[in-house]
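> Before anything else, here's the structure in question.
The values are calculated or read from the model by the stated rules, or taken from the named source; none is laboratory data. Owing to the predicted nature of the structure, the values given are computational and were not obtained by experimental measurement. Neighbour counts run over all protein chains shown; Cβ positions are idealised from the backbone, glycine included. We work out accessible area using only protein heavy atoms, side chains counted, and drop any ligands, DNA or RNA first. Shrake-Rupley method; radii C 1.70, N 1.55, O 1.52, S 1.80 Å.
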Amino acid sequence: MNHFIKLGAAAAIAATTIGFTAHAADAESKWSLGDNNGKSFLYMSDPTGPSVTLNCSERMGVQAVIYINGNDMDNLQLNPNYRLSTRTVEMSSDSTETKDGTWGYYRSAKTLISTRGWQGKRIFNAAVSGSPVTLDITRVGEFTITPPAVNDEFKSFVADCSSI
């Protein structure tokens, strides 16, 4: 089911990475800490996709942005004129039961934005447990996120996020 939705404030924050700066080399798959106008975010790059950004959200806790094509730090910016629709995404991992939910989807950028609190938390928890997450995206396909090991930048993000 494909519905067009208005870009809400949380999705706008997650989607706009203009002004971000990243630390460390992002070529290898590891967690990197970035900054978007004073708010930290966590990023893992996979050149074959998908890549993931985790943001602190007062409304949802941890919000996930998934770049299906594996964008790197230089290609994170989303055009504000992209049309945001929805896709049902079934998520599964070794440590949790399969669950599905609606995500925001920028088709032209091949980017998903979580719309429910459990979605970003599921990816976060998979990273902590070292478990891959499989995403079955309606009318797009199946993808697997293999989170890298928790590192100091991941821990720093957790400390920043816990203050929200």
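> Quick one: what are the phi-derived ³J(HN,Hα) couplings along the stretch 44-60, Karplus 6.51/-1.76/1.60 with θ = phi - 60°, whole Hz, x for glycine and proline?
Calculated HN-Hα couplings, in order: 10, 9, 10, x, 8, x, x, 9, 9, 10, 10, 10, 7, 10, 4, 7, 10 Hz.
> Could you tell me the center-to-center distance, by alpha carbons, between the stretch 130-158 and the stretch 44-69 in angstrom?
8 Å
> Between Asp136 and Lys99, 0.36 nm times their residue separation minus their Cα-Cα distance comes to what? Can you show the working numbers first?
Details: separation 37, 0.36 × 37 = 13.32 nm, distance 1.04 nm.
Answer, rounded to one decimal: 12.3 nm.
> Determine ³J(HN,Hα), in whole Hz, for all residues of the stretch 85-92 in sequence, where each value follows from phi through the Karplus function 6.51 cos²θ - 1.76 cosθ + 1.60 and θ = phi - 60°; x replaces Gly and Pro.
10, 10, 9, 7, 10, 9, 10, 9
> Can you spot the lysines whose alpha carbon is less than 17 Å from Lys30's alpha carbon? Ignore those fewer than 8 places along the same chain.
Cα-Cα hits under 17 Å: Lys155.
> If you count only protein heavy atoms and use a 1.4 Å probe, how large is the accessible surface of Asp94, to the nearest 10 Å²?
The accessible area comes out at roughly 130 Å².
> Now a separate question. Can you give the local net charge around Met60? Use residues other than it whose beta-carbon is closer than 10 angstrom to its beta-carbon, Lys and Arg +1, Asp and Glu -1.
+2
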